[in-house]
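Engineer: Before we start, here is the structure in question, set down as structure tokens.
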Protein chains: 4
Amino acid sequence: MAFLELNYYSQVLGMNQPMAAILPEQSGYTPDWTNDQLQDLPVLYLLHGMSGNQLDWQRKTEIERLLRQTKLAVIMPTTSLAWYTNTTYGLNYFDEFAKELPVKVASLFPQISKKREKHFVAGVSMGGYGAYKLAFATDYFAYAASLSGALIEDTNYPGFLEMEKPSYWRGIFGDLSRFPGSENDIFALAEKQAAKKETLPKLFNWVGQEDFLYEANQKAVSRLKKLGYDIDYHTNPGEHEWYYWSRRIEDVLKWLPINYQAEKRLS
Amino acid sequence: MAFLELNYYSQVLGMNQPMAAILPEQSGYTPDWTNDQLQDLPVLYLLHGMSGNQLDWQRKTEIERLLRQTKLAVIMPTTSLAWYTNTTYGLNYFDEFAKELPVKVASLFPQISKKREKHFVAGVSMGGYGAYKLAFATDYFAYAASLSGALIEDTNYPGFLEMEKPSYWRGIFGDLSRFPGSENDIFALAEKQAAKKETLPKLFNWVGQEDFLYEANQKAVSRLKKLGYDIDYHTNPGEHEWYYWSRRIEDVLKWLPINYQAEKRLS
Amino acid sequence: MAFLELNYYSQVLGMNQPMAAILPEQSGYTPDWTNDQLQDLPVLYLLHGMSGNQLDWQRKTEIERLLRQTKLAVIMPTTSLAWYTNTTYGLNYFDEFAKELPVKVASLFPQISKKREKHFVAGVSMGGYGAYKLAFATDYFAYAASLSGALIEDTNYPGFLEMEKPSYWRGIFGDLSRFPGSENDIFALAEKQAAKKETLPKLFNWVGQEDFLYEANQKAVSRLKKLGYDIDYHTNPGEHEWYYWSRRIEDVLKWLPINYQAEKRLS
Amino acid sequence: MAFLELNYYSQVLGMNQPMAAILPEQSGYTPDWTNDQLQDLPVLYLLHGMSGNQLDWQRKTEIERLLRQTKLAVIMPTTSLAWYTNTTYGLNYFDEFAKELPVKVASLFPQISKKREKHFVAGVSMGGYGAYKLAFATDYFAYAASLSGALIEDTNYPGFLEMEKPSYWRGIFGDLSRFPGSENDIFALAEKQAAKKETLPKLFNWVGQEDFLYEANQKAVSRLKKLGYDIDYHTNPGEHEWYYWSRRIEDVLKWLPINYQAEKRLS
């Protein structure tokens, strides 16, 4: 696999944006792909959580090695600390992810498929929220996975607001009392999408049993099921840590329709 | 010179922060420095403008080549779009630059001097504002240079607010009517520092005559002189573009007390 | 422009190979390209000299800034210290550049044109040798530029062998007495190509008058002209240094059929 | 932890050399280190195998995450395909690793300890050979670990020469019939060191039972024990793959005198 780091210019944000990517390539260590066959590639967007950036998945998991025999491109963008959201301070990260990024990726890497059924998104923590948000509010993604996702119904969820200063939360979501039902409420987005009765994105969910977001995820899964979403739900003992995400992302890869080729493990 | 890109963790911002750096090293292409002599190094912080990041100086100028025979470390951090300012949305970039970054640099690169007289800062546009702000509001910098700096007295300066949305400006500076005299007003900071009668930082200023910030800089220079600052001021025909900054940074290098060794140019 | 660093896997070399690239993109700072128009892009391969690698052009020149209004992709690969040559120690860098790299680039960046008339190559010093070698020995390049190129007729050229140990030179070129006429002799390659009477690549040549390679280039230009090559030759006072190459690469950009949009310079 | 990529200039090799590094830093996710305490740091050099480079450990394992609560610096250099050896073609990688690199690291990162007892080296495959070689032939390392190391007594070891062309092997090791007893024979180096009766480096060894190097390692361990080396030897079912090395490096971390703080794993 080729590993890339790049900076592109985001017109939506008005600044250079970093991104990392993994691209399948012909090599002695991959299956017998010819370069010519590396077209119309399925793609997985991997989203980071709070405090992270576009390099998190590379630095904290083994994602590249896991994928070395599977024909899948990976795009790792960054929202900085901004929740994949159109903030109240003028930085429109939701528009960046929902509108500009797919066009930019199609332009920079034309070998990546433009078809919805080949577009997948997964994220951890804040990025789990982001993954579901993009899946519910756009038509780009056929599969979305949340690991320890911040799938909250409102911002009063125990432990949530404590993570940062009030000014920070207002900056991201505006008036917090209006969060439920807003464009940042993933359940409102899920409902709206479900009402339109089109093909809904398939969902994957994992959360650790020691995670403060465990209850949120339990409730989220049940609510999304009721809305008609097909959701593959798992839980284990576990905390809000990359160790678990590094292991669980392999379950996501097995769940995706990508003919995942797992590595052989004799011990 | 060694060129580095890195991510460190900022506790002030609560996230991974990228940085680039240039470090003098013993090599066949540098003067006869032994590795042992590369201690207590003078350092120049280079600040980017709006839309840029920590790679701007490397991508758009020849800074590394210019410095190859001069014993100077260069630190290139990033404020993203946040004006080296403690924003109203909880991201305290001023604290990051004024408090955490110097300690972090001292920890990661102990060969860099901790003495004020060996600390310099320069920036372009928003980064010119940042360079003066850091020089006025901290005790870290002995020399500060602004190239086409956004040295505005208030945010109503013609053309200024038009660059971005109102929500963006409120996010950075809060209530704009209170900007003059605030902790974000570099003239207020300059006055406060001058009143304390200590050794003032030496200043360098350049602006192009076709720049919308030309008048702002004219006025800034005159005001800072009156406050007792020693300011080396230059202007030429020129616009708000990296071409000029790439050429003018060499004037800054000649101005700094670093025994700058200019490259030979036969044509 | 988007700036990329990547590692791909080279089957010819049997190892991960780094590469840097610049890709035109839609942005507020570029002309009115839509992402859709960024197809069939012309491409310039930039080759480094001895002691350098894939980052040299980015670190020592302003190439990215110069190109920001011109629709041209740039690929910056590396040969390490191996002269773009099939070495005697089993690392076949010529094959890498002549055979694998074009296919790899076409696979990773399908938006780059596959047409010879849109493929250009330029290099400095060892890379000038490499640029002409690739232009003479492959059918990929329509234009080739050498800046201070090591365009030697044999390895006894004054000052040449002194640059490294004999074991190094034998490693690269084998028995040096057989260099003239070999697959590493660019004049032999130029002759062979000219004899086939197809469309020859257009050539650009610059060398500084204080360069130890000045005489070699004088002679090379005259010999290549006699073989029927259209060669645009320039010289100035100058040494074997990146300062000159940084300035002269702009002349190369003006010479290429890329509708180069030079930046405005008021002073 | 801070993650760094850099290029330094190697005078021994005559070229820019890339390196990656992990440096402990004060952060909300690390123990209560103050920046001041991050001095005299123990360091682990991690060496890659054939086809890899300085990014292998970062791309294929979780080394950075594993170390996030342990005060240990990591240096990841590269030998390209050259076996940490003074090659016959003039590139002296052994000298680079044995002489220049320790001085360079001390210069760039003075916070890293200069004491032998705080210097450790580990590698995989070709890098396992390199780790032992550096431990036997220099006085820099107190602990050395080989994972699936190419610990061969002579190059006729079954399967060894088949990995590459004869010209490649001659380039690295010269006349292969003279390999035993030469400066590239780790057992000769081990003997010479043991004869001097100083404190010998402690050794760690792991190899997979399905690895073609399994017999070599069995024999190596027994031979090194006889020479008086303290060697911690392990084996499991396993092949010559990064999956195993990613898991086994944690055993190495537990074995090193670094007070390794393992992450909590509830499932």
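Engineer: So, of the residues in segment B:97-110 that are touching a residue at least 40 places away in the same chain (Cβ under 8 Å) and either in a strand (DSSP E or B) or surrounded by fewer than 22 Cβ atoms within 10 Å (Cβ to Cβ) (or both), which turns out to be farthest from the chain's Cα centre (by Cα)?
Structural biologist: Here the answer is B:Phe109.
Engineer: Could you tell me whether D:Leu47 is among the hydrophobic types (A, V, I, L, M, F, W, C) and more than 12 Å from D:Gly127 (Cβ to Cβ)?
Structural biologist: Taking the combined requirement at face value, the residue does not satisfy it.
Engineer: Here's a follow-up. Looking only at segment A:77-97, count every residue that is more than 17 Å from A:Met15 (Cα to Cα) and hydrophobic (A, V, I, L, M, F, W, C) and tell me the total.
Structural biologist: 1
Engineer: Sort out which residues of segment B:13-43 are β-branched (Val, Ile, Thr) and within 20 Å of the chain's Cα centre (by Cα), and write them in order of number.
Structural biologist: Correct list: B:Ile22, B:Val43.
Engineer: Restricting attention to segment A:71-96, which residues are out of contact with any Ser or Thr (no Cβ under 9 Å at 6 or more places or on another chain), under 25 Å from A:Thr34 (Cα atoms) and assigned to a loop (DSSP other than H, G, I, E, B)?
Structural biologist: Within segment A:71-96, A:Leu72 is the sole residue that qualifies.
Engineer: Among (1) more than 29 Å from B:Glu62 (Cα to Cα); (2) crowded, with 17+ Cβ neighbours inside 10 Å, which single condition is B:Lys196 missing?
Structural biologist: Going through the list (1) more than 29 Å from B:Glu62 (Cα to Cα); (2) crowded, with 17+ Cβ neighbours inside 10 Å, B:Lys196 breaks only (2).
Engineer: Another one. Being facing another protein chain (nearest Cβ under 9 Å) and in contact with a Phe, Trp or Tyr (Cβ under 9 Å, 6 or more places away or on another chain) is the filter here; which residues of segment C:53-63 pass it?
Structural biologist: Listed by number, the residues that qualify are C:Leu55, C:Asp56, C:Gln58, C:Arg59, C:Lys60, C:Thr61, C:Glu62.
Engineer: Take the residues in segment B:242-252 that are surrounded by fewer than 21 Cβ atoms within 10 Å (Cβ to Cβ) and either of a type in the set (A, V, I, L, M) or out of contact with any helix residue (DSSP H, G or I) (no Cβ under 8 Å at 6 or more places or on another chain) (or both), then tell me which one is farthest from the other protein chains (Cβ to nearest Cβ).
Structural biologist: B:Asp251
Engineer: Here is a check on your reading of the model: is A:Ala150 assigned to a helix (DSSP H, G or I) and touching a Gly at 6+ places or on another chain (Cβ under 8 Å)?
Structural biologist: Answer is no for this residue.
Engineer: Identify all residues within segment A:77-132 that are farther than 20 Å from A:Thr199 by Cα and aromatic (Phe, Trp, Tyr); write none if there are none.
Structural biologist: Residues satisfying the conditions are A:Trp83, A:Tyr84, A:Tyr89, A:Tyr93, A:Phe94, A:Phe97, A:Phe109, A:Tyr129.
Engineer: Here's a follow-up. Could you tell me whether D:Lys133 is more than 10 Å from every other protein chain (Cβ to nearest Cβ) and surrounded by fewer than 24 Cβ atoms within 10 Å (Cβ to Cβ)?
Structural biologist: no
Engineer: Output the residues belonging to segment C:1-25 that are in contact with a Lys or Arg (Cβ under 9 Å, 6 or more places away or on another chain), within 7 Å of chain A (Cβ to nearest Cβ) and over 17 Å from C:Met76 (Cα atoms).
Structural biologist: Scanning segment C:1-25 gives a single hit, C:Glu25.
Engineer: Another question, then. Just name the residue that is nearest to the other protein chains (Cβ to nearest Cβ) out of those in segment B:66-99 that are within 14 Å of B:Tyr45 (Cα to Cα) and either touching a His at 6+ places or on another chain (Cβ under 7 Å) or of a type in the set (Asp, Glu) (or both).
Structural biologist: Restricting to residues being within 14 Å of B:Tyr45 (Cα to Cα) and either touching a His at 6+ places or on another chain (Cβ under 7 Å) or of a type in the set (Asp, Glu) (or both), the top hit is B:Thr78.
Engineer: Can you tell me which residues in segment A:32-60 are part of a loop (DSSP other than H, G, I, E, B) and under 24 Å from D:Gln58 (Cβ atoms)?
Structural biologist: Listed by number, the residues that qualify are A:His48, A:Gly49, A:Met50, A:Ser51, A:Gly52, A:Asn53, A:Gln54, A:Leu55.
Engineer: Quick check on D:Asp40: is it among the acidic types (Asp, Glu), farther than 22 Å from B:Met19 by Cβ, within 14 Å of chain C (Cβ to nearest Cβ) and surrounded by fewer than 23 Cβ atoms within 10 Å (Cβ to Cβ)?
Structural biologist: no
Engineer: Suppose the filter is among the hydroxyl-bearing types (Ser, Thr, Tyr), in contact (Cβ under 8 Å) with a residue 12 or more places away in the chain and not in a loop (DSSP other than H, G, I, E, B); does A:Tyr157 pass it?
Structural biologist: no
Engineer: Further question: Checking the conditions here, which among C:Leu266, C:Leu203 is crowded, with 21+ Cβ neighbours inside 10 Å and not polar (S, T, N, Q)?
Structural biologist: Answer to the check: C:Leu203.
Engineer: Here's another thing I want to ask about it. Counting only residues that are farther than 20 Å from C:Tyr244 by Cα and out of contact with any Leu (no Cβ under 9 Å at 6 or more places or on another chain), which one in segment C:36-78 is modelled with the lowest pLDDT?
Structural biologist: C:Asp36
Engineer: Here are some conditions: (1) more than 9 Å from chain A (Cβ to nearest Cβ); (2) in contact with a Phe, Trp or Tyr (Cβ under 7 Å, 6 or more places away or on another chain); (3) charged (D, E, K, R). C:Asp32 meets all but one. Which one does it not meet?
Structural biologist: For C:Asp32, the failing item is (2).
Engineer: Residues that are within 23 Å of B:Asp251 (Cα to Cα), in a helix (DSSP H, G or I) and not β-branched (Val, Ile, Thr): does segment B:197-210 have at least one?
Structural biologist: no
Engineer: Within segment D:173-184, is even one residue within 14 Å of chain C (Cβ to nearest Cβ) and farther than 30 Å from C:Ser167 by Cβ?
Structural biologist: The answer is no; no qualifying residue exists.
Engineer: So if I check each of B:Pro257, B:Pro237, which one is within 20 Å of B:Tyr132 (Cβ to Cβ) and either in contact with a helix residue (DSSP H, G or I) (Cβ under 7 Å, 6 or more places away or on another chain) or of a type outside the set (Ser, Thr, Tyr) (or both)?
Structural biologist: B:Pro257
The values are calculated or read from the model by the stated rules, or taken from the named source; none is laboratory data. Just so it is clear, the model here is predicted, and its values are computed rather than measured. All Cβ positions, even for glycine, are placed from backbone atoms using ideal geometry, and neighbour counts span all protein chains on display.
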